[in-house]
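The numbers here are math on the coordinates, done by the rules we state, and not lab data. This structure is a prediction, so every number in the text was calculated from the model and none was measured. Note: ideal-geometry Cβ built from the backbone for every residue, glycine included; neighbour counts use all protein chains shown.
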Amino acid sequence: MSKDLSKKYILFDLDGTLTDPKIGICTSVQYALRAFDIDEPDIDVLEPFIGPPLIDSFMEFYGFSEEDARKAVEKYRERFSTVGLFENKVYKGVPHMLKRLKKSGFHLAVASSKPTVFVEKILDHFKIRKYFEVVVGSNLDGTRTDKNEVIVEALRQLFKGNRINKDLIYMVGDRRFDVEGAKKQGIESVAVLYGYGDYEEFLESHADYIVFTPKDLEEFLMRESEEYNDGRICRLGGNGFSPFTFRTMITVIGCFLLFLAVRYFFGVILSGGFGILSPILPAGIKAFFYYGAEPNPNSAFYIGNIGTIISGLAYVLAALSILPFAILRIKKTSRDMYLLHPMNPAPVKIILGVIFVTAFTLAMQIAAILTQAAASSQSYSEVAGAQYSCQIAVGLATYCIIAPLAEELLFRGIIFTSFRQYTPIFVAILVSGVTFGIYHGNIVQGIYAFIFGCLMAVGYEYYGVFWAAVIMHSLQNLISYLGTYLFMNNRFIVSWPFVGGMAAVAIAAAVMLFVSKKGNK
């Protein structure tokens with residue numbers, strides 16, 4: 001039994017989406033062109049005829065007048081209606097997809113620019129007509145060839161004259177005409193790359209989603225159905241946790257403890273090793289290592305260059321210890337994310353993300369200074385003192401590259417992705433943020449880390465790639481680290497009006513990011 005789906009009505013284009021019509025269409029176009037003494041031996045050249053109305057294609061690609069284009073269409077149909085119609089094949093996986101969709105409660109229709117009589121014959125020939133409630137194409141007299149008109153009629157028939165809920169509909173097709181027709185009707189489009197359109201075409205026409213294969217399309221359309229989830233999603237407050245979820249939690253806790261243990265113990269070992277090696281190091285190398293170096297009275301580690309280098313190496317070893325688990329979780333999540341984010345984010349969304357992180361980090365950092373929250377925490381002051389005791393290049397490499405990647409493998413790569421699969425998304429985000437805050441070990445950094453831990457999980461979910469969280473983390477650390485060196489003594493910047501301005505910028509960027517969440521709109 002299927003649950004309620006966010007999208008229940010699916011319109012499919014025919015050529016290039018359900019079937020591959022290349023041989024039948026292109027050879028029939030060759031036949032029509034010969035009637036005008038035009039010999040085109042290469043059928044690959046004629047691929048642009050697949051999808052758009054034939055009259056338009058003859059006029060666009062061969063400069064025919066409208067009268068000649070109509071005559072060419074008549075010649076084309078002489079061959080296509082008897083031979084070319086069946087020089088066609090269904091894409092692998094399409095019948096299985098249609099069967100699953102129908103069984104799961106979807107309402108399916110075909111909306112094609114091909115004449116309806118031909119569409120019906122092709123669907124019957126390949127025994128897939130039974131899956132569609134409505135089949136709409138163009139008319140043989142040359143009317144209703146525009147994709148927008150076809151979609152309008154398909155929706156009218158599909159909803160039987162009742163109010164059309166456009167939030168419940170996808171238009172699936174392989175050319176920009178399908179995308180543009182969907183946009184005119186205010187419905188979302190899914191562009192398929194296995195047909196005859198290309199990626200740039202879909203970017204320019206602003207498709208809402210892009211998928212690569214029929215299997216991808218099936219999983220995309222089925223992604224919210226109970227059958228697809230196969231009972232694996234277990235909601236808090238609902239059916240409780242499944243046994244598999246407990247095993248996952250054990251893995252999560254194990255990875256968290258392993259990361260902490262490796263980082264701490266290897267830090268101790270490396271610190272001891274430095275003490276043994278320092279007498280035999282060349283003077284130049286020793287001077288570099290000893291920059292700002294002295295034993296930290298509150299820990300087993302050094303501060304200065306050597307302390308930061310040891311910290312960086314410990315991060316690397318801790319990351320390697322959990323890497324196999326992180327890769328498995330990230331790969332699994334990347335597939336699920338792809339089904340929600342098939343199209344790469346528009347450059348403007350990346351720019352807005354950078355603006356948001358920059359403005360929000362500055363607002364938080366300066367507010368902490370103005371409220372003296374940082375100065376009031378001794379443990380935070382000790383951590384900050386150690387981080388800024390090294391040369392800036394060493395600090396940037398450790399705290400802005402190595403540490404963010406290592407920590408993201410644990411907190412977003414393992415913890416967030418694990419909880420994301422088995423709990424509501426907001427629970428996964430909160431768990432990711434809370435554990436990240438606790439991990440920092442002091443109240444000031446803990447609050448700061450909790451907020452940014454949640455934001456990095458949101459960024460991961462929004463952009464659909466693990467590297468989004470890593471980049472956000474690195475950028476946040478970079479701004480915080482450089483800010484102390486560059487402008488924390490500037491009275492204009494360290495002021496409440498500046499905090500308010502940065503907060504306003506961050507809010508504006510966040511609003512713009514979430515106004516249109518999908519695709520390249």
Subject >> Alpha-carbon Rg with Dmax, taken over region 22-86, Å >> reply: 10.4, 29
Original post:
Stokes-Einstein D for region 1-111 at 20 °C, 1.002 mPa s, Kirkwood Rh over Cα pairs, in µm²/s?
Top reply: 136 µm²/s
**OP:** Would you please put 42-50, 474-482, 56-64 in order of how densely packed they are, using the mean number of other Cβ atoms within 10 angstrom per residue and starting with the highest?
**Re:** 474-482, 56-64, 42-50
**OP:** Just order 110-116, 201-207, 326-332 by mean Cβ neighbour count inside 10 Å, highest at the front, would you?
**Re:** 110-116, 201-207, 326-332
**OP:** With viscosity set to 1.002 mPa s and temperature to 20 °C, compute the Stokes-Einstein D of region 78-155, Rh being the Kirkwood radius across alpha carbon pairs; µm²/s, no decimals.
**Re:** 161 µm²/s
Subject >> Ranking of 249, 472 by count of other Cβ atoms within 10 Å, fewest first >> reply: 249, 472
